[in-house]
Amino acid sequence: MLMGMQQRLGSRFAQVRSEGAGGRAALATVVGAEDLEYATVAARITPVLTDLAPHASSLCATVTAQGAVVLDGRVSDPALAAEAVAQIAATPGVRRVYNHLYTDAQIANLITAALALDERTTWETIDVACESGTAVLRGIVTSVEARVAAEEIAQHAPLVWHVENRLVVEQPTEKESRMHTYADDTAYGRQPGGKQECPPVTIIGLGAMGQALAGTFLQHGHPTIVWNRSASKADSLVASGATRAATAADAIAASRLAIVCVLDYDVAYQILDSAGEALAGRALVNLTNGTPQQARELAGWARERGAQYLDGGIMAVPPMIGRPEALLLYSGSHEAVEAHGETLGRLGSRIYLGSDPGLAALYDLALLSGMYGMFAGFLHASALVGTERVKATEFIGLLIPWLNAMTESLPSLADQIDTGDYTKDVASNLEMQTTAYTNIIAASQAQGISTELLVPMQVLMERAVAAGYGAGDISSLIELIRQPKAQSTTAN
Ligand code: FVH
C-alpha cells in the first residue's frame, strides 16, 4: 500500500521501513524525492528507527512533502516507542510526527473502546486479545454482536491482519432458540458460587482428544479414571492425578459418567462390548465421530445394557477443550444431560439438540461440511495465486477478510433456502456467477493446476441454470443437492 502511495505522490515523499519478525530485518531507505530535504530527513531518522526495530514486529516511517513523519508499526515496548517519537519530533526538518505505533495491548484496547462505543454491542461479553497482528475475540454473543465486532475491527483496528473469531453465537435463530442450551459460568472458566462438587469421570480413549478431555477434568478437580488400549498414553495424566484402570470394564465401573472418544464406532463397540455388565446404570457419553445412523444404533445397543446414552459432537480441536470457544453438541438421553450437564460443561460451551441420539452427529457432520468447503476454497485459491509465486501466508491477509465479509450473505441465502424463494433479495444472480465461475476453471487450467475441487460446483451451477434458476441466487443449488439423481428439476 505504501508503495502505491509513493507512486501517487511521485517524488514528494521518502520512506524508511523495517519489516520482519522482531523487526530484525535491515532498514532500507527508499528515496523517491527529488527534493533532497526529504531524503535528508529520512536519513536523519533512520538511526532512531534502527534502534527501535528490534522492539518492533513491523515498523514504517513515511516523510511527507510537508515535513511530517508518519510512523506505523507494532512495538513491544511503549516507553521506547515514545522515546523514538520524541527523538524524531526533535529531528531538524521534521515539522510534525503522526504516531501510529501500537503495542498489542493498545490495539486490543482500541478495539474494545470501539465496541464499547457501539450501542449494538454489550461489549463486556466480548474479550479482545491481540498478538502479532491477530485479534482474537472470545465470548458468547448475539449474532448481531458478532457481526458488529467484525465490522468494528475492520473499520477501526490498526495493524490487524487477521481476526480469529472465537465468538460463540447464542441462539441466533428461532430454531436454535428451541434447543436447550447449557452455557453456564463454568463454560467461561469462571468459578460458580458456592461449594463445587466434582464427581468422578471416566475417559475411555486417550488419543489427542481423549487426553485433552481427561486433562480438563483433572484441572477442575474431578477424580478422573482413564483407560486406553496403549496404556502408556495415560502416563502423564496419571502423573497429574488420574487413576489408570486395568480394563475398560473397571474404568466404566468406577464412575457414573463414562466418556468414550476413540477412532471410530467399530473401536467403540469393541471396547464397550468388553465392559459387559459394567455399563448398567451408567451415563455413556460417546464423543467418537460417526454418522447419525451409527449413533442411533449405539444408543439402542447401550440402552439394552441399561445405560443412558448421550451422543456428542466436538466442534473443537484438542487445545481448545475447556475453553468457551470449544462447542460440544449433544443429543440423546435427557436424563444424562440433567445429571451430568455441569460436569460436561467443563469441556466448553454445549448445546443439547434433543432426544434423538442421531442429531448431534448430523449437526457435527453438517458443520464439518462447511469447514471442508472453506478448506477446499482456501486450497484452490492458494494454488492459483501460488502459480505466480505468491505465498499462501501472504495471500490469507486478503482471503480471510474476504471470506469473513462473504459470510454476511449467508443469512439471506439461508432465508431463500427456508422459503424456497431463490429470487428473493438476489445479491448476485446464478447465471452471472456461472459465467464468472467458468473463468476460474479456465484460469486454473491455463495456470496448470487441478480443477478437481471446482468442477463439481460448476456441474451443479450449470444444471441449475439449465433448470431455470439462473435469475435467482446461488442458494437454488440446494434443490439439486436434495435430488442427487437430478430427476425433472424445474424452477417455478
Ligand atoms: N482431534 C481432533 O481434532 C478431532 C476433533 C473433533 C473430534 N474428533 C474425533 O474424536 C475421536 C478421537 O480423536 P483423536 O484425536 O483422539 O484421535 P487419535 O489421536 O487418533 O486417537 C485414537 C484413539 O482411538 C484408539 N484406538 C484406535 N484403534 C483402536 C483399537 N483397534 N482398539 C482400541 N483403541 C483404538 C487409540 O488408542 P491407541 O492407539 O492409543 O491405543 C486412541 O485412543 C475421533 O472419532 C475423531 O474423529 C477429533
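The values are calculated or read from the model by the stated rules, or taken from the named source; none is laboratory data. Keep in mind it's a predicted model, so treat the numbers as computed, not measured. Quick reminder, even Gly has a Cβ in these numbers, built from the backbone with ideal geometry, and neighbours come from all protein chains shown.
Miscellaneous remarks
- Set SER450, SER476, SER428: member being among the hydroxyl-bearing types (Ser, Thr, Tyr), touching a residue at least 24 places away in the same chain (Cβ under 8 Å) and surrounded by 15 or more Cβ atoms within 10 Å (Cβ to Cβ): SER476
- Taken over the range 215-265, the criterion of being polar (S, T, N, Q) and touching a Lys or Arg at 6+ places or on another chain (Cβ under 6 Å) is satisfied by THR216 alone.
- So GLY215, is it farther than 17 Å from ALA283 by Cβ and either assigned by TED's automatic domain parsing to the domain that holds ARG282 or modelled with pLDDT under 95 (or both): yes
- Of residues in the range 274-290 being part of a loop (DSSP other than H, G, I, E, B) and either among the β-branched types (Val, Ile, Thr) or within 16 Å of the ligand (Cβ to nearest atom) (or both), the one farthest from ALA212 (Cα to Cα): GLY290
- Of the residues examined, GLY276 is one that is modelled with pLDDT under 95, in the same structural domain as GLY345 (by TED's automatic domain parsing) and of a type outside the set (D, E, K, R).
- Scanning the range 291-311 for residues that are over 21 Å from LEU367 (Cβ atoms) and part of a loop (DSSP other than H, G, I, E, B) returns ARG305, GLY306, ALA307.
- Condition check for GLY241: of a type outside the set (A, V, I, L, M) and free of Cβ contacts under 8 Å to residues at least 40 places away in the same chain: yes
- Any hit, the range 184-207, residues being at pLDDT 60 or above, outside any strand (DSSP E or B), within 24 Å of the chain's Cα centre (by Cα) and within 16 Å of the ligand (Cβ to nearest atom): yes
- Verdict on ILE45 being closer than 22 Å to ILE400 by Cβ, of a type outside the set (Ser, Thr, Tyr) and either at pLDDT below 85 or assigned to a helix (DSSP H, G or I) (or both): no
- Flag for ILE271 being among the aliphatic types (A, V, I, L, M) and more than 9 Å from the ligand (Cβ to nearest atom): no
- Residues of the range 208-219 classified as of a type in the set (S, T, N, Q) and within 15 Å of the ligand (Cβ to nearest atom), total: 2
- A count restricted to the range 288-338 and to residues that are charged (D, E, K, R) and buried (at least 17 other Cβ atoms within 10 Å of the Cβ) stands at 5.
- Residue among GLU342, GLU335 that is more than 21 Å from GLY290 (Cβ to Cβ), without any contact (Cβ under 8 Å) to a residue 60 or more places away in the chain and part of a helix (DSSP H, G or I): GLU335
- Filter result for ARG323 (within 15 Å of the ligand (Cβ to nearest atom) and out of contact with any helix residue (DSSP H, G or I) (no Cβ under 8 Å at 6 or more places or on another chain)): yes
- Test for ASP311: is it within 14 Å of the ligand (Cβ to nearest atom), of a type in the set (D, E, K, R) and touching a Pro at 6+ places or on another chain (Cβ under 7 Å): yes
- Within the range 220-267, considering residues that are in a loop (DSSP other than H, G, I, E, B) and of a type in the set (A, V, I, L, M), the one farthest from the ligand (Cβ to nearest atom): ALA254
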